[in-house]
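Here is the structure we will look at.
Laboratory data are not the source of any read-out in this text; all were calculated from the coordinates shown. Because the structure is predicted, anything quoted here is derived from the model rather than measured. Here the Cβ positions follow ideal geometry from the backbone for every residue, glycine too, while neighbour counts run over all protein chains shown.
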Amino acid sequence: MNGLLKGALAAGGGAVGIEVLRRALFSGARRKYEPWERSPYRDFPNKVLIVGGGFAGYKAAQTLCELARGRDDVGVMLISRENYFTFWPMLASVIGGDVATQNVAQPLRRTLIRLGASFRRAPLESVDLERRRVVAGGKEFPYDHLVLSLGAEPAYFGIPGVEEHCISIRGIGAGEAIVDRVIERYEEVTLAAGEIPDSKLTFMVIGGGATGVEVASELHSLVRDLLVPDYPNINPHRVKIILVDANKEILKELDPALRRVARKKLADLQIEVINNVKAKEVTADRVILGDGREIMVENVIWTAGARASVKLDEIDLPHDERKGLTVDRYMRVVGHDNVWGIGDCAATVDEDGAPVPPNAQAAVQEGEAVARNILAVIDGEEPKSFRYKSLGQLVELGSEFAVNEVMGVKFSGQIAALFWRLTYLYKLESPESRARIAADWLLDIFYDPPVTQIRR
C-alpha cells in the first residue's frame, strides 16, 4: 500500500497517479477466488436434495458437506426460493435501527458453493415421489434422498381481516415494513390540518411470544427515541403501543420469574399489555377483541401464530396443517424411507416421543442430525433417534435490556442484553454480517441510527 501511494504522489497527481491510487484504495481490499471445477450434482451415485434454505435446510447441507468431504459418492444440492436465509433472531432489531436488513440476510449461494454443495434459486413446484424427481423453476432435479425444509408461515386462524389489515412477520422485509408504516403515519400527522384520530398513532402487536415482545419493544425505541428529533411537532407520549396476547401471561415459554421481569420492563416502557383475550376481527381502523372491546387502531402487527408451509398441501405426504409433516424419531417422513422432514414444516419428535418446539435452535439441531442419519443410511448403518437439547431462550426488550435463560441460569438487564448480542453475533453464518453489525453497534454509541423510508 505504501509503495502504491508513493507512486501516485510521484506521478504528480496525473491520470496515472490517480489510477494507481484508485487501485490501492479499492482493488486490494477484496479477496480473489479462482474458479474451480466440480463434479455435477447429477453424476453422484447418492444425490441428496434439500428443498428449503432456512436454519434447518442450511445446517443439513453444511453438515453433509463437512462430513462427506473427500468422498466422491455423495452429492448435495439445496434449492431455495431466495439466495439467502433470514436470521430470524435479529429481525426485530431492524425496527429499532440496531441492525440493517441486508445483514439479517445470510448468503446461501456463496457459502454453499464454497462448502462443496450445489445451489439453485427456484420456487418448488412439485414432487414426484415415484420417479424421485423434484420440479422447481421449471426444471427437474433427481434425488436419492429428499430433505424437505419448507419452513412455516403465519397462521390467521380464520379471523376476519387479519391477512388484509395486519403486517405479518413472514419474511425479511417485515422490519422495514413496520418502520415504513410508522414513518408514513408520522408524515400524515405532520401534514394534517387540525385534529387527527388516535388510531393513527396507536400501534398494536398481536401475539405475546418472544417475537411479539421484541417487536413491541423495538417499536418503543423507534417512536420514543429515534424519531423524536425528526418530528418535533408530534408528542411521543401520544403514541400508544399495545401488546395483545391470548395467554394468561406473555412469554409463556420462560421461567415465571423472568416473565415478571419482562412484564415490568414493558410497563416501564409504557407498553400496554392485554392478556387472556384473542382478536376476534381486524378492520381498517379498529381491532375487536373476544371480550367485546373495540380498540381504535390503524396499525396492527401479527405475530400470534404459525403453520407449516402451505406447499405441503400439494405434496402427497402425511401431514397436518399446523404441525407439518408426520415424521418418525429419525426425522423420516412416515411411509417413506428416503424422504426426510425437518424444521418448522415437520412435526418433529425427540427420542422420547415429545414434540420438539419450532424454534431456530431446534431447526439447527435437526439439520445436523438429519445429515448424519442420511449418511448412515447411505453407508448401510442404522440412523439414530433425534435428541433435542434446549439451550435456553434469549429475549431482547430494546437494545439495553434482555431476559435470558441459558442452561438453567436466569438473568436479565444490561448484562443479559450484552450476552444476547454476543451470542447472536457469534451465531451469524456470514463473517461480513458479523463485522458490519459489530461496526454499526459501535457507531450507535456515538450516533443515532438513521431512520428513512425509501419509497418505490
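Starting from the Cα of residue 311, draw a straight line to each of the aspartates and glutamates and keep only those under 13 Å, dropping any in the same chain fewer than 8 residues away. Qualifying aspartates and glutamates at Cα under 13 Å: 125, 153, 320, 321, 344.
When only C-alpha pairs under 8 Å and at least 6 residues apart count, what is the relative contact order of segment 306-456, in percent?
Working: 192 pairs, mean separation 17.7, N = 151.
Computed value for segment 306-456: 12 percent relative contact order.
Segment 151-213 and segment 132-150 have their alpha-carbon centroids 36 Å apart. Taking the alpha-carbon centroid of each part, what is the distance from segment 72-111 to segment 277-320 in angstrom? Result: 26 Å between the Cα centres.
Annotation: peptides 408-418, 163-173, ranked by per-residue average of other Cβ atoms within 10 Å with the highest first, follow the order 163-173, 408-418.
For a 29 Å ceiling on Cα separation, which of these pairs sit above it: 389/410; 240/323; 248/410; 59/240; 240/280; 323/427? The partial results should precede the final answer.
Working: 389/410 17 Å; 240/323 35 Å; 248/410 21 Å; 59/240 40 Å; 240/280 21 Å; 323/427 26 Å.
Table pairs above 29 Å Cα-Cα are 240/323; 59/240.
Could you work out the helix-only [θ] at 222 nm for the chain, with each DSSP H run of four or more residues adding -39,500 (n - 2.57) and the total divided by the number of residues, to the nearest 500 deg cm²/dmol?
On the way: 12 runs with 135 residues, N = 456.
Value at 222 nm, helices only, nearest 500: -9000 deg cm²/dmol.
The order of the peptides 300-312, 220-232 by mean Cβ neighbours within 10 Å, most packed first, is 300-312, 220-232.
Pairs of Cα atoms under 8 Å, at least six residues apart: use those to get the relative contact order of the chain, whole percent. Don't skip to the end; give the middle numbers.
On the way: 856 pairs, mean separation 76.2, N = 456.
Worked out over the chain, it gives 17 percent.
Any idea what the relative contact order of segment 162-303 is, in percent, if you count C-alpha pairs under 8 Å spaced at least 6 apart? Before the final figure, lay out the partial values.
On the way: 222 pairs, mean separation 49.4, N = 142.
The normalised contact order for segment 162-303 reaches 35 percent.
Please label the shape of the chain as rounded, prolate or oblate, based on the square roots a ≥ b ≥ c of the eigenvalues of the alpha-carbon gyration tensor (a/c under 1.5 means rounded; beyond that, a/b larger than b/c means prolate, else oblate). Oblate, because a/c is 1.5 or more while a/b does not exceed b/c. Of the beta bridges in the chain, as assigned by DSSP with both residues counted there, near 50 percent are antiparallel. When each of the peptides 347-355, 199-207 is scored by how many other beta carbons lie within 10 Å of its residues on average, the order from highest to lowest is 199-207, 347-355. Other residues whose C-beta falls under 14 angstrom from the C-beta of residue 184 contribute a net charge of -1, scoring Lys and Arg +1 and Asp and Glu -1. The residue among 378, 190, 357 whose Cα reaches farthest toward the positive pole of the charge dipole of the chain, with charges on the beta-carbon of Lys, Arg, Asp and Glu, is 378.
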